[in-house]
Amino acid sequence: MSDLNVMTPEEVAATKAAVMNQLPGAEIQGQSPLHHAELEVLAQKGPKQGGVHLKELKLLGHLMLRMNPENADQLAAVERVLGVGLPLQPLTSVENGNYSIRWMSPDEWLIIVPGAETFDIESKFRDEMGGHYSLVNSSGGSTVLKVSGDNVVEMLKKSVPVDLHDSEFPVGKVVSTVFAKSGAVVRRTGEKEFELVIRRSFADYIWLWIQDASREFGLVVEA
Amino acid sequence: MTQKNRLQSGGRIDRSKSLTFTYNGKSYQGFQGDTLASAMLANGIDVIGRSFKYSRPRGIVAAGAEEPNAVMQLGATEATQVPNVRATQQELFNGLVSASTNGWPNVDTDLMGVVGKIGGKMMPPGFYYKTFMFPQSLWHTYEGVIRKAAGLGRSPLENDPDEYDTINQHCDVMIVGAGPAGLAAAQTAARAGARVIIADEQAEFGGSLLSSKELLDGKPATEWVNTVVEELAGYKDVMMLPRSTVNGYHDHNFLTIHQRCTDHIADKAPAGQVRQRMHRVRAKWVVLATGAHERPLVFSNNDVPGCMVAGAVSTYINRYGVVPGNDLVLMTTNDYGYQTALDWDDAGRKVVAIVDTRANPGGARVEAARKRGLNVITGSAVIEVQGSKRVSGVSVAPISADGKQVTGSVTKLSADTVASSGGWSPVIHLSCHTGSRPVWNDEIVGFLPGPTVQKQLTAGGINGKYDTAAALAEGLEAGQKAVSEIGLAASEVALPAAESVEEGAPMSLFHIPHLKSTSAAPKQFVDYQNDVTAAGIELACREGYESIEHVKRYTAMGFGTDQGKLGNINGMAIAANVLNQTIPDTGTTIFRPNYTPITFGAIAGRNCGELFDPERYTAMHKWHVEHGAKFEDVGQWKRPWYFPKAGESMQDALNRECKATRESVGILDASTLGKIDIQGKDAREFLGRVYTNAWAKLAVGKCRYGLMCGEDGMVFDDGVTSCLGENHFLMTTTSGGAARVLEWLELYHQTEWPEMEVYFNTVTDHWATMTISGPNSRKLLAELTDCDLANENFGFMDWKQTTVAGVPARVFRISFTGELSYEINVQANYGLHVWEKLFEHGEKYNLTPYGTESMHVLRAEKGFIIAGQDTDGSVHPYDLGMGWAVSQNKPFSFIGKRGMAREDCVRENRKQLVGLKTTDPKAVIPEGAQGVFDPKAPIPMPMVGHVTSSYWSENLGHSVAMGFVKGGLDRMGEKVYYPLADGTVIEAEICSPIFLDPKGERQNV
């Protein structure tokens, strides 16, 4: 396929967007962005009591969808693929079993699915959804940290400038914001539980920051 | 030592808890509840420092944030030194170590005191302005001496052992000040269900009520304070911040609060606690209940220790059980000042006289004083004080009704304390921070907050409502207003009944006349901290500085760390008088953040040490660390710089890395390259518009190098973009340019070409990228993939989807070294796995990791530019000799096309990028060196361009360099010279920048 002019129309259609299964066989272990922090060891050896709990939800599938939210056909296609419609209300999220969708911007959603299903879902999108959109696998580029506990709000108040009061930040709300000197997608999943989507390259910095900001409350690492 | 000025009972101190502290090396006792200032006064310490310019002994004059003199150096160890702490705001703790900041060599026998007498004359107002600013080159010489003499404290020489942090807060109502007005506002807002933050700079809430004997509902006022504080503590959404100064009030109701969490406990914060915390608050509504500061009067020798602000004397007596002297003379322009004499009398010490500047005072407090038989002298003033390290007596004389002249003979009275009250100045500082200009009010003889665009309310003393009943009522009103603006239902609050005191009218008087003219009379201080006198202000006005802003700068009035809290209004009044205009006509200077000095620690917060700035790591970072990489910062990325082996110098390592790559195979972690996924049917057209070259015919499976320019036609980024699918591209950018390029694409898409169907997403972090480069790279890769790597099937500038070491990968055959190269991209979670597999198989090929420095050398040997190193925003593609990367024939224009066609961009003799071959092959021209055509030309020599890249090339056995030379592309073979700082000159020949393999055969094998 070195020259457009000698490709068949079928070939052209098939290559409009390049979709690839990026996962190797199960015999090769993936290393999440916080692999080097050895959270499993800390979970075993570290304190079991504390005001802030942290768990990396690692090696999940992260798909970034960009499309026009007024396209009814595409909205229907999303629902066929994920079993749930896109959250169209700004700063909200929806869930369906293992799938969650975060509103990111007026034409952008982050879909998080089990890692092994990523390629399958990506392929289904390509089958089910026509027209102009983009779907990008960014699973290697970010990870999810679940932070929870009695003092999780205080820890986050030291880290993000947004208002985390339950009246302003109810369960299900999503905000992309600065996290210390990096960034995070913050989503509330419970009264005292949040998920942070953070970028791989900044993960170590954010891990250091969370340890520091949690010190006065005690940090419990969960495996 | 006994606390000779301590009362046996009374005040809010705990006499059962004795605390030891030191001041200038001597040990003293105080009590729990003392401030450093109250403890010093209790111990009879008169002199706490020397003045800035005249080196006069100075004592404590106030009891709060407005204190100009008692600015101390604290710290028991070198590491815990803190300068600029007001003794009046520092709570006493056991083991506190304090020292005066000004007093050289010590406050009691000050060498500067001798100099000061002369030095004063040598330093008239405007001294800085006139002398030190010219010649500017000598400022550094003066500065050291001035600083030492001025004594502004010093910073520690060791690292601060304490931690400081920052926290973000949000609320409905932010209440600044927890006096009667603030507490009433807080109670009102809290009961309505609002989210409230109330902050006060003092340790306890209560404000003025803590220092008075007033009754509320017939009980001590502090009982009401306790009730309200208890109630507030019960609300989940109310945050009470004592020891917290609201230091800045910024746009959109953003406030910064400096909380001193442990400054009152010990020299160093207890383990696990931060010393200070900065709160960054966003408030829907702000209530300023900041109260007022009492103004002292300006009279001769009013700086002699023992001269104090009247209200401060009452505070020391009532709150701390300290009477700061024995024999008091009170001078006042108003009724309220009488309270100090009454308090002094209650404490059982002698009131020598109450000197009232008014001819016929007659309010309730005046009557009370008369009833007690206190000596009230009316229509008179204390025109001069006697004494040097402590007041010994005063001169009292009758004055005219307008207060401008002495009208009779002087009576001398013996006294050790002079309290003065010139009325009150509302604390409008925070209101000024938002740009609001204060407004003069004749009735209260002071400035009130001006109109504001903020959602801001004011209550109590800041509005000139000094009476407790009025302050409470205003607090309630502000609370209800804020609540209703937020949309909450009004709450029920019953205010306590306050006693009402009938007061006579105050006199508007600031500057007490003397028998002599102001310039001839003994010094009358306006701004203690900067030694600004009434005479100095008059001189400034006479010299033509009529604007109050100019007077301020000329005299340095209000320039100190106290920002002129006590003196500014007096100074303006004096200037107005000299200029023969009113105070509102004269106007006022305004205040800026911060309200009080704040530590660097609190500003820095946790953004220090390892958290100073994020360090970004690639998926292979751990391997680099384990293999001894030296790192280079590229943006926030930590990139391996080079990998030295034991005993190798940097140059040794580079030589080895470069040779291994050219002779066998090297590997680079290129994960930091910016990567942008581009999808949509218009993606190709979009690329054609943002890149200078053509993209219409790039086929699926192919890669192309592109240059990106700004509208001005100047190169700002470059990289390879690959066609993944007909509507799908992967763009790479420079490591530092990734975010900027993505924003650039979004900017143009969203603002200029929204009709184009294209989406951009960053995938920089998603892919781990490793480049294997060198003649053996194909052999190495072949061991780990089934992909057909034969040149005819996988040629230069092709990419393939395949599997490498069992991991799905995209492999790009692109080269930044000029060697046969493969750039392997795998999902980053598998990056380290593939990297390690390459090394398992690479040992037999001497697979050598190299870092950014060898990358630079290898690309420079090939004349490849680095955007940002060989470009600086002032060069277009033709300047770089890269006209081949510009397509002038695209149907739609491209960004930069018009810019690079501007007259200046197409003129002759522009600086152009060329290769530079040194005559001495061993000479490496320093990067940044400026070239000249004639090294014998007289200085300043005409400079013709600088060197942008320059390295030793072990592969070529000579140095390689690139640089700009005027008209360089037409000067091939000519000489250019680089005179260096050491006097030597490096000669170089202008040549093609491609030093190695000009035909590009090595990468095409």
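A quick yes/no check of all residues on (1) of a type in the set (Ser, Thr, Tyr); (2) within 37 Å of the chain's Cα centre (by Cα):
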site	(1), (2)
B:Ala497	no, no
B:Lys552	no, yes
B:Thr561	yes, yes
B:Lys565	no, yes
Looking only at region B:584-605, and only at residues there that are touching a helix residue (DSSP H, G or I) at 6+ places or on another chain (Cβ under 6 Å) and at negative phi, the one that is modelled with the lowest pLDDT: B:Thr589
Which residue, of B:Val715, B:Val700, B:Val690, is among the hydrophobic types (A, V, I, L, M, F, W, C), touching a residue at least 12 places away in the same chain (Cβ under 8 Å) and farther than 19 Å from B:Pro877 by Cα? B:Val700
Using the structure shown, decide if B:Arg280 is crowded, with 17+ Cβ neighbours inside 10 Å, in contact with an Asp or Glu (Cβ under 8 Å, 6 or more places away or on another chain) and within 14 Å of another protein chain (Cβ to nearest Cβ). no
Output for region B:488-524, where each listed residue is buried (at least 18 other Cβ atoms within 10 Å of the Cβ), within 30 Å of B:Lys219 (Cα to Cα) and among the charged types (D, E, K, R): B:Glu503
Region B:793-804, residues that are aliphatic (A, V, I, L, M) and surrounded by fewer than 22 Cβ atoms within 10 Å (Cβ to Cβ): B:Met797
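So which residues in region A:157-184 are facing chain B (nearest Cβ under 9 Å) and touching a residue at least 40 places away in the same chain (Cβ under 8 Å), if there are any at all?
Going through region A:157-184, the residues facing chain B (nearest Cβ under 9 Å) turn out to be A:157-165, A:167-168, A:180-182.
Within region A:157-184, A:Lys158, A:Ser159 qualify.
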What are the pairs with Cβ atoms under 7 angstrom where one residue, in region B:87-102, is of a type in the set (D, E, K, R) and the other, located anywhere, is crowded, with 24+ Cβ neighbours inside 10 Å? Sequence gap at least six, or different chains. B:Glu91/B:Thr35
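Those residues that are in a helix (DSSP H, G or I) and either more than 15 Å from B:Asp717 (Cβ to Cβ) or not assigned by TED's automatic domain parsing to the domain that holds B:Gly968 (or both), I need them from region B:882-903; list them, please.
B:Gly883, B:Trp884, B:Gly899, B:Met900, B:Ala901, B:Glu903
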State which residue pairs qualify: first residue more than 8 Å from chain A (Cβ to nearest Cβ) and inside region B:795-812, second residue of a type in the set (Gly, Ala, Ser) and outside any strand (DSSP E or B) in any location, beta carbons under 8 Å apart, and separation of 6 or more residues or different chains. B:Phe796/B:Ser815; B:Trp799/B:Gly701; B:Lys800/B:Gly701
Filter region A:133-148 down to residues that are in contact with a Gly (Cβ under 9 Å, 6 or more places away or on another chain), surrounded by 22 or more Cβ atoms within 10 Å (Cβ to Cβ) and away from chain B (no Cβ under 13 Å), then give me how many there are. 0
Taking region A:186-216 and keeping only residues that are away from chain B (no Cβ under 12 Å) and surrounded by fewer than 23 Cβ atoms within 10 Å (Cβ to Cβ), one is left with A:Arg188, A:Thr189, A:Gly190, A:Glu191, A:Lys192, A:Glu193
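Does B:Glu861 count as among the acidic types (Asp, Glu) and touching a helix residue (DSSP H, G or I) at 6+ places or on another chain (Cβ under 9 Å)?
On the way: among the acidic types (Asp, Glu): yes; touching a helix residue (DSSP H, G or I) at 6+ places or on another chain (Cβ under 9 Å): yes.
Yes, satisfied.
Here are B:Val246, B:Val274: which of them is of a type outside the set (Phe, Trp, Tyr) and either in a loop (DSSP other than H, G, I, E, B) or out of contact with any Ser or Thr (no Cβ under 8 Å at 6 or more places or on another chain) (or both)?
Numbers: B:Val246 fails: either in a loop (DSSP other than H, G, I, E, B) or out of contact with any Ser or Thr (no Cβ under 8 Å at 6 or more places or on another chain) (or both).
Exactly one of B:Val246, B:Val274 is of a type outside the set (Phe, Trp, Tyr) and either in a loop (DSSP other than H, G, I, E, B) or out of contact with any Ser or Thr (no Cβ under 8 Å at 6 or more places or on another chain) (or both), namely B:Val274.
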For B:Ile667, the lone unmet condition from (1) touching a residue at least 40 places away in the same chain (Cβ under 8 Å); (2) within 14 Å of chain A (Cβ to nearest Cβ) is (2)
Here are B:Asp165, B:Asp217, B:Asp251: which of them is under 25 Å from the mean Cα position of the chain (by Cα), surrounded by fewer than 16 Cβ atoms within 10 Å (Cβ to Cβ) and among the charged types (D, E, K, R)? B:Asp251
Those residues of region B:314-365 that are within 26 Å of B:His511 (Cα to Cα), among the hydrophobic types (A, V, I, L, M, F, W, C) and buried (at least 22 other Cβ atoms within 10 Å of the Cβ) come to a total of 11
Looking only at region B:772-787, decide whether some residue is within 13 Å of chain A (Cβ to nearest Cβ) and free of Cβ contacts under 8 Å to residues at least 40 places away in the same chain. yes
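The values are calculated or read from the model by the stated rules, or taken from the named source; none is laboratory data. Note that the coordinates shown come from a computational prediction; the quantities given were computed from them, not determined experimentally. In this analysis, Cβ positions are derived from the backbone assuming ideal geometry, glycine residues included, and neighbour counts consider all displayed protein chains.
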